[in-house]
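Only one structure is covered here, and it is reproduced in the block below.
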Amino acid sequence: MNDENKILKVKIFGTEYPLKVNADVEYVKRVARYVDTKMAEVQEAKPSRPLHQIAILAALNICDELFQNEQSADFEERLKKLSDKLELGINKSMESDSDKIEFDDTIEE
């Protein structure tokens with residue numbers, strides 16, 4: 001068997017799944033454990049739900065986390081750009097007004 005196409009068996013919510021893996025095996029195991037954990041969380045909150053509903057609700061929860069992280073990353077990127085622009089503006093202002101700005105380093109009590 002080619003090393004690039006390993007078969008990895010993972011157990012998710014009590015069922016074993018053979019996966020063809022060409023990625024890092026430990027990474028795939030971690031992903032499977034995460035899905036298993038999310039399904040267990042849904043079952044704990046909704047114990048009477050059938051398996052397919054637990055899987056769908058877990059998938060929705062995982063997607064929600066993903067989208068929130070993407071939005072957070074977008075926000076952080078926009079904030080960084082605005083911060084950079086503000087810093088550039090302050091620096092330009094200080095350069096053009098450098099002869100007008102005096103700093104007093106004494107501390108008044």
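The values are calculated or read from the model by the stated rules, or taken from the named source; none is laboratory data. Note that the coordinates shown come from a computational prediction; the quantities given were computed from them, not determined experimentally. Backbone-built Cβ (ideal geometry, glycine too); neighbour counts: all protein chains shown.
Are any residues in region 38-97 within 30 Å of ILE12 (Cα to Cα) and polar (S, T, N, Q), and if so, which ones? Show your work before the answer.
First, pick out the residues of region 38-97 that are within 30 Å of ILE12 (Cα to Cα): 38-73.
Correct list: GLN43, SER48, GLN53, ASN61, GLN68, ASN69, GLN71, SER72.
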Q: Six or more apart or on different chains, Cβ under 6 Å: which pairs go from a residue in region 51-70 that's part of a helix (DSSP H, G or I) and surrounded by 13 or more Cβ atoms within 10 Å (Cβ to Cβ) to one that's at pLDDT 95 or above and not polar (S, T, N, Q)? Could you list them?
A: ILE54/MET39; ILE54/VAL42; LEU57/VAL42; ALA58/LYS38; ALA58/MET39; ALA58/VAL42; ASN61/LYS38; ILE62/LYS38
Q) Since VAL21 meets every condition but one in (1) free of Cβ contacts under 8 Å to residues at least 24 places away in the same chain; (2) out of contact with any helix residue (DSSP H, G or I) (no Cβ under 7 Å at 6 or more places or on another chain), which condition does it not meet? A) (2)
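Taking the condition in a loop (DSSP other than H, G, I, E, B) and either among the small types (Gly, Ala, Ser) or farther than 19 Å from ALA55 by Cβ (or both), does ALA32 pass?
For ALA32, the condition - in a loop (DSSP other than H, G, I, E, B) and either among the small types (Gly, Ala, Ser) or farther than 19 Å from ALA55 by Cβ (or both) - is not met.
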Q. Would you say ASP74 is of a type outside the set (A, V, I, L, M), at pLDDT 95 or above and assigned to a helix (DSSP H, G or I)?
A. no
